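Notes follow once the structure below has been shown.
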Amino acid sequence: MLAACRHKPGGAGMKVLHFYKTYRSESWGGIEQVMWQLCTSSKRHGIQSEVLTLSRHGEDVDYDGHRVHRARLDFEIASTGFSASALRRLAELARHADVIHYHFPWPFMDLAHFLTRVDKPTVVSYHSDIIRQKHWLKLYSPLMRRFLGSVSRIVVASPNYLRTSEVLARLPQDKIDVVPYGLDRAAYPDPTSEQMAEWEARVGRRFFLFVGVLRYYKGLHILIEAAKGTDLPVVIVGAGPVEAELRAQVAQLGLSNVHFLGPVSEVDKVALIRLCYAMVFPSHLRSEAFGISLLEGAMYGKPLISSEIGTGTSYININGETGHVVPPSDPDAFRAAMLDLWQKPERARTMGQSAAARFERLFTSENMTSRYMQIYRQVVHQAAKAGVPVSVR
């Protein structure tokens, strides 16, 4: 029987279904990290979270206290996964949820929303505009506008992105909320002294660190060019589609101060962040909507260097306060910022302290989760007033 559910204060007893094309244990990007933080942190608020995602292989699993449902990935077009079984599973799981939490962009998700006739309160985390697939965007735009216009609430991670997104500017502003991403430092592993010593012996303790998937918009070719002509040590952690190009660039320039470590474990990543002198984040395109590893650097009190691209990176990193923000695609400016921190260790230390203080003020997982809890309660309350069924009990 369909009925509007009655929740205790704080959202206890509420069920939230997250829907996105990938998720942790199979993919480790920033959106997956945000979803994981929400799923794990919301347990403390009495909320039961589930995730529906796509997978080429693998079965449903219980992951860190929440259920992950994996629908078979049938094919991909322009990085958009499609799945016939996901339609059936979304319809089934939505019947038992109080809120459907979509993670945008993923055009198949918009289509699934309408094909399955989801009639529950809906929240969209608007992670990024679509930047690269311009020709596909023209075809997709009517569906996108209809989808974003139909959902209960849209959440963006920074006022910077809200201010500079042409898509968001066309939507009713009273249905958009700003909720910065948040991290829980207690959820990160703590390296042993032996692990710290092993990494220090390998890379030292005074180097610039990049962590992330090696994608076209990360601007690593700019970082490599910035390192040219200096002896500044640069450590790059991660793998991805442009790794071969970047290694070739380093070889062509004959650089001995740029080191690729490939992917590392979570505990090794923490060890490297703790050891590094500063975090560098040269993303030069708006595809970089926020920058989770930049935020991780702030969490561990590191000074930051990033580029001004009108997104959340410049909400995390405040120029002259938590680090340096330089023009995008400008190796000379990036090099000057690196040299300034390198030559002024006291200034670098002060900026790192400011980054940590800003993190504690704005970017904790508890702050993010509490705001989302308020939004969940609001959309459920609005749906109940409108006589919309919430869940099957």
(request) Return P(r) of segment 31-166 (all Cα-Cα pairs; 10 Å bins starting at 0; whole %; ordered from short to long distances). (result) 10, 40, 39, 10, 0
(request) On a 0 to 90° scale, report how tilted helix 243-253 is relative to the longest principal axis of the chain, with both axes built from alpha carbons and the result rounded to the nearest 10. (result) 20 degrees
(message) Can you compute 3J(HN,Hα) from phi for each residue in segment 125-137, using the Karplus curve 6.51 cos²θ - 1.76 cosθ + 1.60 with θ = phi - 60°, rounded to whole Hz and x for Gly and Pro?
(response) 7, 8, 7, 6, 5, 8, 9, 7, 8, 4, 5, 5, 4
(request) Could you grab the Rg to Rh ratio for segment 295-385? Cα atoms only, Kirkwood for Rh. (result) 1.18
(request) For LYS344, list the lysines whose Cα falls under 25 Å from its own Cα; do not include residues on the same chain fewer than 8 positions away. (result) LYS228, LYS302
(request) For GLU266, tell me the accessible area in Å² from a 1.4 Å probe, rounded to the nearest 10. (result) 60 Å²
(request) Just name one of LEU341, GLY219, PRO331: the one whose Cα is farthest towards the positive end of the charge dipole of segment 185-363 (beta-carbon charges, Lys/Arg +1, Asp/Glu -1). (result) LEU341
(request) Give the Debye-formula value of log10 I(q)/I(0) at each listed q (0.15, 0.19, 0.20, 0.23 Å⁻¹), with one equal scatterer per alpha carbon of segment 57-125, two decimals each. (result) -0.52, -0.85, -0.94, -1.21
(message) Quick check: convex hull over the Cα atoms of segment 185-363, volume per residue in Å³, rounded to an integer?
(response) 106 Å³
(message) Relative contact order for segment 185-363: what percent, with Cα pairs under 8 Å and sequence separation of 6 or more?
(response) 23 percent
(message) I need the trypsin sites (Lys or Arg not before Pro) found in segment 111-146, filtered to DSSP loop residues with at most 16 other beta carbons within 10 Å of theirs.
(response) ARG117, ARG132
(request) For the chain, give the share of DSSP beta bridges that are antiparallel, in percent and rounded to the nearest 5; count only bridges with both residues there. (result) 15 percent
(request) Could you tell me which trypsin sites (Lys or Arg not before Pro) in segment 28-112 are loop residues by DSSP with no more than 16 other beta carbons within 10 angstrom of their beta carbon? (result) ARG56
(request) Return the long-range amide H neighbours of SER283 (sequence gap of 5 or more, or a different chain), with a cut-off of under 5 Å between placed amide H atoms. (result) SER307
(request) Mind computing the radius of gyration and Dmax over the alpha-carbon atoms of the chain? Å is fine for both. (result) 21.5, 70
(message) Rounded to the nearest 20 debye, what is the charge dipole size of the chain about its Cα centre when +1 sits on each Lys and Arg Cβ and -1 on each Asp and Glu Cβ?
(response) 1280 debye
(message) Can you return the lysines within cross-link range of LYS385? Criterion is Cα-Cα under 30 Å, with same-chain partners fewer than 8 residues away left out.
(response) LYS8, LYS15, LYS43, LYS120, LYS175
(request) Evaluate the distance, in nm, between pseudo-label points positioned 7 Å from the Cα of ARG145 and of GLN374 along their respective Cα→Cβ axes. (result) 3.2 nm
(message) Charges on Cβ only, +1 for Lys and Arg, -1 for Asp and Glu, centred on the Cα centroid of the chain; of ALA244, SER83, TYR23, which one is farthest towards the dipole's positive end?
(response) SER83
(request) With everything on Cα atoms, drop me the angle between helix 331-343 and the longest principal axis of the chain, reported from 0 to 90° to the nearest 10. (result) 70 degrees
(message) For the pair ASP332/ASP60, report the inter-label distance in nm, with labels modelled 7 Å from Cα in the Cβ direction.
(response) 6.0 nm
(request) Find which of ALA271, PHE260, ILE292 sits farthest along the positive direction of the dipole of segment 236-393, computed with +1 on the beta-carbon of Lys and Arg, -1 on that of Asp and Glu, about the Cα centre. (result) ILE292
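The values are calculated or read from the model by the stated rules, or taken from the named source; none is laboratory data. Please read all numbers here as calculations on a predicted model, not as lab measurements. For neighbour counting, all protein chains shown are included, and Cβ atoms are generated from backbone atoms with ideal geometry for every residue, glycine included. Ligands, DNA and RNA are stripped out before the accessible areas are found, and what is left, the full protein with its side chains, is counted by its heavy atoms. Shrake-Rupley method; radii C 1.70, N 1.55, O 1.52, S 1.80 Å.
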